[in-house]
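Undergrad: Have a look at the structure that comes next, please.
The values are calculated or read from the model by the stated rules, or taken from the named source; none is laboratory data. Just so it is clear, the structure is predicted and the values come from calculations on it, not from any experiment. Note: areas computed on protein heavy atoms with side chains; ligands, DNA, RNA excluded. Shrake-Rupley method; radii C 1.70, N 1.55, O 1.52, S 1.80 Å.
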Amino acid sequence: MLRNQDFMNAPALNKEIISTAIPAGVYAETVTAVQHYTDRLFRFRMTRPADFRFRSGEFAMIGLMVDGKPVYRAYSVASPAWDEELEFFSIKVPDGPLTSHLQAIEVGDTVLMRKKPTGTLVNDALLPGKRVYMFSTGTGIAPFASLIRDPETYEKFDEVILCHTCRDVAELQYGFDLIEEIRNHEFLSEIVGDKLKHYATVTRDPSYPHRGRITDNIRSGKLFADLGVPPLNPETDRGMICGSAAMLKETKQLMIDAGLEEGANSKPGQFVIERAFVD
Ligand code: A2P
């Protein structure tokens, strides 16, 4: 049975445990929501430190204490820069050094985040244009989940085309939910209007009618025919690419073949790429 004295001692004890467990100079945030989509994918939200600033599309190092040591991986922030919380979309790798633990987090748990965000999938790294394509596979949709919820994207482009390819339809659900959220959002729905298009395909699921790797659909012209737009044109079109190393390499080559030049923060261009880092 607990006595009064035990209650009085508890806060001091907890404080001591926390101060030894959390490394100095990093944020320790509280999980506010967790949603599992499949046995490979989940999303979580956490509190946002008051002084944490980032540009929509950037990534941060997210971590947990594992056996007394911090383990970090790069995660694109999936929420937009204006959101008061931070959202992340993650894969679950059964023996992944971070994700095998991260997949078990629950509301109220603590997640670590290093202080400095960075990344090239940002509006600043692209020259102005008419149409921006966001090409993603799997969890590569995360930086675009941020950008499609940022009004700045719609100030810069007349058309925003979110392309997402996964193995099966259950893995596309996060993207469908995002679009639904935007359509029902008080102020975003008005800003976005009909500028946003969602092009979702699967590669291993005959139950879903829209199929094919994004690279194949660009090469064959199916993407443009389905959308009713002209083929890629460096004058009007911009690209942002996020996926596996193999997907990045192939999609980047397709951009170059179409005459688009790669950009960076220091020198904006016609397309930008970033690896979806995961394990
Ligand atoms: P596929 O099923 O043909 O391998 P994963 O879940 O393995 O990360 O893959 C996510 C999606 O990316 C899958 O639909 C997969 O297609 C596709 N993909 C894999 N490699 C490439 C590539 N080189 N270019 C384009 N898409 C790819």
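Undergrad: Write down the accessible area per residue of segment 180-231 in Å², having rolled a 1.4 Å probe over the full set of protein chains.
TA: Accessible area per residue, segment 180-231: 62 Å².
Undergrad: Still on this structure, I have one more. Given the protein chains as shown and a 1.4 Å probe, how many square angstrom of Lys222 are accessible, to the nearest 10?
TA: 80 Å²
Undergrad: OK, next. Taking one equal scatterer on every alpha-carbon of the chain, how large is log10 of I(q)/I(0) by Debye at q = 0.07, 0.09, 0.14 1/Å?
TA: -0.28, -0.44, -0.99
Undergrad: What shape does segment 20-93 take by its C-alpha gyration tensor, where a ≥ b ≥ c are the square roots of the eigenvalues and a/c under 1.5 counts as rounded, a/b above b/c as prolate, and the rest as oblate?
TA: Oblate is the answer for segment 20-93, as a/c is 1.5 or above yet b/c matches or exceeds a/b.
Undergrad: Looking at segment 95-212, I'd like the Rg to Rh ratio, where Rg is from alpha-carbon atoms and Rh is Kirkwood's inverse mean 1/r.
TA: 1.00
Undergrad: Please work out whether segment 156-279 counts as rounded, prolate or oblate from its C-alpha gyration tensor, where a ≥ b ≥ c are the square roots of the eigenvalues and a/c under 1.5 means rounded, while otherwise a/b larger than b/c means prolate and anything else oblate?
TA: Rounded, since a/c falls under 1.5.
Undergrad: Another question, then. Calculate for the chain the 222 nm mean residue ellipticity that helices alone would give, adding -39,500 (n - 2.57) per DSSP H run of length 4 or more and normalising by residue count, nearest 500 deg cm²/dmol.
TA: -7500 deg cm²/dmol
Undergrad: Of the cross-linked pairs Lys69/Lys115; Lys116/Lys156; Lys156/Lys267, which ones have a Cα-Cα span greater than 27 Å in the structure shown?
TA: In this structure, no pair lies more than 27 Å apart at Cα.
Undergrad: Right, another one. When the accessible area of the chain is split by element with a 1.4 Å probe, what percent falls to carbon and sulfur?
TA: Roughly 52 percent of what the probe reaches on the chain is carbon or sulfur.
Undergrad: Specify the residue with the greatest mean-square fluctuation among Leu86, Leu227, Leu162, computed from a Gaussian network of the chain linking alpha-carbon atoms under 10 Å apart.
TA: Leu227
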